[in-house]
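So the structure is just underneath, and the comments pick up after that.
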Amino acid sequence: MSRFTIPMNIADNGWFNGQGMALFSREPALKARAFHQQLPGYQPTPLYAMNAFAKALGVSQVWVKDESRRFGLNAFKMLGGAYAIARLYCQKYQIDINNFSFEQCRNSPREKMTFATTTDGNHGRGVAWAAKELGQHAVIYMPKGSSQERVDHITRLGAECIVTDMNYDDTVRLTERTATEHGWEVVQDTAWEGYTEIPTWIMQGYATLAVEAAEQMPVAPTHVFLQAGVGAMAAGVLGYLVDVYGAEKLHSVIVEPDRADCLYRSGRSGTITPVGGDMNTIMAGLACGEPNPLGWPLLRNCAHQFISCDDRVAALGMRVLGNPLQGDTPVISGESGAVTMGVLAAVMFHPQKQDLMQQLGLDESSRILLISTEGDTDVQHYREVVWEGKHSISGCNNQEHQHG
């Protein structure tokens, strides 16, 4: 087997205390899941057991939850956007969320609402979908460098889409100012002073995938690797999992691109530490420089480690998932979706594999949960990586080559 090193920094969390949060726990997660279950076309996304990969890595089990199969939208994000928009609509018009119906509200004579958000692609697509299903308007802002394909996914759902000349975090601020001027409702998965209720609903909506995964796994996981941008999905999902399994018993690892590793830096410092600049990473959905202040306390308390990694880790994960060992199920996973599998593959091929396994608490009894959060949301780039070898390991430090 080849041996090579892809740049990847692992920081132990010295602030871990295992304290969960009631906002992101079992009860609100089950409430969100009940909402999703009543949506037409709802079904749990599949969880695949990657037995051959697990054996090659030297662990008991690796499970991959495939969120590309979520409502035909190729990503998990609609779980949060749809839930928040429904909660917002019900709050405004005094409707019981348990009696909510997209169809009934779409045909209502009530005044139309406009929902605005900033997105790297998947969240905006989910907001646009929910607005369309509800018969409302959506205005979606995207940071500079956003691909035309991701823009097209949003506009096809009837939303207005505006690509700015700013990075993600500055675009969020632009969205908030513009929405205030026009009286629009902001549906953003990060929070700031005076804006916490809607992002809380979004994060609770994300937990549906964790509820499903817990039902699908035949035994409890020992590890979960979660990718993070602002940390909304990571905190929403981890909050449910630690409530069910216990933070001490579930070794959780947060993974980010090294060009947007605000949580990695925050984990090292113990306080929110933003990252500025362009954050030019292939992991568009994770290119966020400011942690969500709602989710940060839970990640600080319950994550065991933070990883900051090179783009080639994500590219490796895309290729491994799309072209698995014999007997494992192929998974089409995009740049942000595949990075956690990329971490495990990078460990497997590393010259100091055993040292990394020990650092991550991995051994032959480990059972690892991964979330492939998106499919090929940018098909052209997916093909460039998986077919053409873009962001290949050829530029890495190849320590040795041996057959085995």
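Do you know which of the residues in region 75-120 that are under 22 Å from the mean Cα position of the chain (by Cα) and of a type in the set (A, V, I, L, M) is nearest to Glu335 (Cα to Cα)?
Applying the filter and picking the extreme gives Ala75.
Mind listing just one residue for me: the one in region 268-280 that is within 19 Å of the chain's Cα centre (by Cα) and in contact (Cβ under 8 Å) with a residue 40 or more places away in the chain and, of those, farthest from Asp311 (Cα to Cα)?
Step by step, filter region 268-280, then rank; the result is Pro274.
Taking region 9-41 on its own, how many of its residues are small (Gly, Ala, Ser), at pLDDT 95 or above, surrounded by fewer than 17 Cβ atoms within 10 Å (Cβ to Cβ) and in a loop (DSSP other than H, G, I, E, B)?
2
Condition (residue is more than 22 Å from Glu215 (Cβ to Cβ), buried (at least 24 other Cβ atoms within 10 Å of the Cβ) and in the same structural domain as Arg33 (by TED's automatic domain parsing)) applied to region 235-243: is it met by at least one residue?
no
Take Thr190 and decide whether it is at pLDDT below 95 and closer than 22 Å to Glu374 by Cβ.
Yes.
Anything in region 137-162 that is surrounded by fewer than 21 Cβ atoms within 10 Å (Cβ to Cβ) and not aliphatic (A, V, I, L, M)? List them, or say none.
His137, Lys144, Gly145, Ser147, Gln148, Glu149, Asp152, Thr155, Arg156, Gly158, Glu160
I'd like the full set of residues that are among the hydrophobic types (A, V, I, L, M, F, W, C) and touching an Asp or Glu at 6+ places or on another chain (Cβ under 9 Å), limited to region 170-190.
Passing the criteria: Val172, Ala179, Val186.
Name the single residue, out of those in region 43-74 being under 22 Å from the mean Cα position of the chain (by Cα) and at positive phi, that is surrounded by the most Cβ atoms within 10 Å (Cβ to Cβ).
By that ranking, first place goes to Asn74.
Which of the residues belonging to region 211-221 are of a type in the set (A, V, I, L, M, F, W, C) and either assigned to a loop (DSSP other than H, G, I, E, B) or free of Cβ contacts under 8 Å to residues at least 60 places away in the same chain (or both)?
Matches in region 211-221: Ala214, Met217, Val219, Ala220.
Out of contact with any Asp or Glu (no Cβ under 7 Å at 6 or more places or on another chain), assigned to a strand (DSSP E or B) and of a type outside the set (Phe, Trp, Tyr): does that describe Val224?
yes
Can you tell me which residue within region 281-302, out of those that are farther than 26 Å from Gly124 by Cβ and under 18 Å from the mean Cα position of the chain (by Cα), is surrounded by the fewest Cβ atoms within 10 Å (Cβ to Cβ)?
Just the residues of region 281-302 that are farther than 26 Å from Gly124 by Cβ, to begin with: 297, 300-302.
In the following step, the residues that additionally are under 18 Å from the mean Cα position of the chain (by Cα) were identified as 297, 300, 302.
On the way: Pro297: 17, Arg300: 24, Cys302: 28.
Checked region 281-302; the qualifying residue surrounded by the fewest Cβ atoms within 10 Å (Cβ to Cβ) is Pro297.
Given (1) of a type outside the set (A, V, I, L, M, F, W, C); (2) in a loop (DSSP other than H, G, I, E, B); (3) in contact with a strand residue (DSSP E or B) (Cβ under 6 Å, 6 or more places away or on another chain), where does Pro330 come up short, assuming only one miss?
(3)
Of the residues Asn122, Asn107, Asn99, which is crowded, with 18+ Cβ neighbours inside 10 Å and not assigned by TED's automatic domain parsing to the domain that holds Asn280?
Asn122
Yes/no matrix, rows are residues, columns are (1) within 21 Å of Leu226 (Cβ to Cβ); (2) in the same structural domain as Ser147 (by TED's automatic domain parsing); (3) part of a strand (DSSP E or B):
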position	(1), (2), (3)
Ser308	yes, no, yes
Val320	yes, no, no
Gly361	yes, no, no
His381	no, no, no
Lys390	no, no, no
Ser394	no, no, no
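Just checking, how many residues over region 261-306 are out of contact with any strand residue (DSSP E or B) (no Cβ under 7 Å at 6 or more places or on another chain), among the aliphatic types (A, V, I, L, M) and not in a loop (DSSP other than H, G, I, E, B)?
2
Restricting the first residue to region 182-210 and requiring it to be without any contact (Cβ under 8 Å) to a residue 40 or more places away in the chain and aromatic (Phe, Trp, Tyr), which pairs with a second residue that is in a helix (DSSP H, G or I) and surrounded by fewer than 24 Cβ atoms within 10 Å (Cβ to Cβ) meet a Cβ separation below 9 Å and a spacing of at least six or different chains?
Tyr195/Glu176
The values are calculated or read from the model by the stated rules, or taken from the named source; none is laboratory data. Quick caveat, the model's predicted, so the values are computed rather than measured. Backbone-built Cβ (ideal geometry, glycine too); neighbour counts: all protein chains shown.
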